[in-house]
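Notes for the one structure printed next.
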Amino acid sequence: QVQLVESGGGLVQAGGSLRLSCVASGSIFRISDMCWYRQAPGKQRALVADITRGGSTNYADSVKGRFTISRDNAENTVYLQMNSLKPEDTAVYYCHQSGTGQLKTWYDYWGQGTQVTVSS
């Protein structure tokens, strides 16, 4: 009964900042790969950033230098710090949790999504 609870979305002016949080209730968080996706109106869901169980990070080119993904294993929480926000960042942001090994995805969970709107 894994639950991903997101928070931190909202309305912000261009150039501003937001920090998204995603809290997972499962005991497997520490061994999970976590990532953030976003989906803008009329667009497909796209990967924004990910962080592995070991702490390695990766970012979409569109957010490099502006967004930072991090995790706190003690609190079962992954964060997305978003700075220098642009109107193009407007989307629903989704938290994702997965575990892989031996060429298999063992679990694959999604949050409910949180709206981020950046005004110009």
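The values are calculated or read from the model by the stated rules, or taken from the named source; none is laboratory data. The shown structure was predicted, so the numbers you read here are calculated from the model rather than taken from an experiment. No Cβ is skipped: glycine too gets one built from the backbone with ideal geometry, and neighbour counts run over all protein chains shown. Only protein heavy atoms, including side chains, enter the accessible area calculation; ligands, DNA and RNA are left aside. Shrake-Rupley method; radii C 1.70, N 1.55, O 1.52, S 1.80 Å.
Odds and ends about this structure:
- Restricting the search to strands (runs of 3 or more DSSP E) fully inside the stretch 23-113 and requiring at least 1 residues that are touching a Lys or Arg at 6+ places or on another chain (Cβ under 7 Å) gives 33-39, 46-51, 77-82, 91-101.
- Top-ranked residue of the stretch 28-44 - restricted to ones that are within 19 Å of T105 (Cα to Cα) and charged (D, E, K, R), ranked as most open to solvent (accessible area, probe 1.4 Å): R30
- Residue in the stretch 62-79 that is more than 12 Å from the chain's Cα centre (by Cα), basic (K, R), modelled with pLDDT under 95 and surrounded by fewer than 19 Cβ atoms within 10 Å (Cβ to Cβ) present: no
- Here the condition is being more than 27 Å from L11 (Cβ to Cβ) and of a type in the set (F, W, Y); of W106, W36, it holds for W106 alone.
- Every condition in (1) in contact with a helix residue (DSSP H, G or I) (Cβ under 8 Å, 6 or more places away or on another chain); (2) charged (D, E, K, R); (3) closer than 19 Å to V12 by Cβ is met by R53 except one, and the failing one is (3).
- Within the stretch 1-22, tally of residues that are farther than 14 Å from D89 by Cβ, assigned to a loop (DSSP other than H, G, I, E, B) and in contact with a Leu (Cβ under 9 Å, 6 or more places away or on another chain): 0
- Condition check for V116: within 15 Å of A46 (Cα to Cα) and either among the aromatic types (F, W, Y) or assigned to a strand (DSSP E or B) (or both): yes
- So V5, is it touching an Asp or Glu at 6+ places or on another chain (Cβ under 9 Å), touching a residue at least 40 places away in the same chain (Cβ under 8 Å) and either surrounded by 12 or more Cβ atoms within 10 Å (Cβ to Cβ) or among the acidic types (D, E) (or both): no
- If the condition is being surrounded by fewer than 16 Cβ atoms within 10 Å (Cβ to Cβ) and either basic (K, R) or out of contact with any Leu (no Cβ under 9 Å at 6 or more places or on another chain) (or both), then the stretch 80-98 contributes S84, K86, P87, E88, S98.
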